[in-house]
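Step one of this worksheet: look at the structure below.
Read the figures in this text as sums done on the coordinates, not as results from a lab. As the structure is a computational prediction, the values presented were derived from the model and not from experiment. Every residue, glycine as well, gets a Cβ built from its backbone with ideal geometry; the counts of neighbours run over all protein chains shown.
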Amino acid sequence: MKKLRKDSKFARLTEEQRGELALYLECNGLEDAQQWLAARGVEVSLQNISEYYRLHVLPYKWVRMETAAAVLSKVGGDKVTDAAHRAVAQRVFELSTDPKADPELLAKFYKLMNDGQATAQNERKLALLEAKARRADEAQAVAGDKTKSADERMQKIREIFGLN
């Protein structure tokens, strides 16, 4: 991470304003940032804003992303929640746009994201199969109940499978 030059127009901004500018640049375009700076008495070109972002904002963003990625990489497969799945997907996207991103780390996150999706799908399949097995057991019990007529048993089986 480069140190801000003392003669830089961005050096006129307070630490707090530079933090606000970094957040502003995350959500807005260069032209909007140029107007934001002009309102604070700093006239700079779009090229200077772009260079400032590349040299002074992105490195901090990458450090935050790497920290979050390291935390997420320690999350075990069975403990990953939907929120963690979304966070991993977001980090994978952000890392994929980072020219300095480690391809091996990116591949690990893709695998983690895909494994999480597969686990969620398998859990849904299991729940459906368990429900189907419960209905089959109920229907078998009804079919074996000789105290009811054949029509009553058939009606009850239709109810169990939702065929009414």
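Miscellaneous remarks
- Footprinting exposure proxy for Leu13, Leu4 (fewest neighbouring C-beta atoms within 10 Å first): Leu4, Leu13
- Computed over the chain, the per-residue total of -39500 (n - 2.57) for DSSP H runs of n ≥ 4 gives a 222 nm mean residue ellipticity of -22500 deg cm²/dmol, rounded to 500.
- Rounded to the nearest 10 degrees, the angle from helix 58-73 to the longest Cα principal axis of the chain is 30 degrees.
- Order of Leu126, Leu105 - criterion: other Cβ atoms within 10 Å of each residue's Cβ, fewest first: Leu126, Leu105
- Neighbour-limited loop hits for GluC sites (Glu not before Pro), the stretch 14-64 (at most 13 other Cβ within 10 Å; DSSP other than H, G, I, E, B): Glu43
- Most fluctuating residue given options Leu112, Leu25, Leu128, as computed from a GNM of the chain linking Cα atoms under 10 Å: Leu128
- Taking Leu46, Leu163 and counting other C-beta atoms within 10 Å, the order from fewest to most: Leu163, Leu46
- Over 32 Å apart at the Cα level, from the set Lys125/Lys148; Lys9/Lys100; Lys108/Lys132; Lys6/Lys61; Lys100/Lys125; Lys125/Lys146, are Lys125/Lys148; Lys108/Lys132; Lys100/Lys125; Lys125/Lys146.
- Seen against the Cα atoms of the chain and their longest principal axis, helix 150-160 is set at about 10 degrees.
- For the chain, excluding the exposed loop sites themselves (trypsin sites (Lys or Arg not before Pro), DSSP loop, at most 11 other Cβ atoms within 10 Å), the longest remaining stretch covers 7-73.
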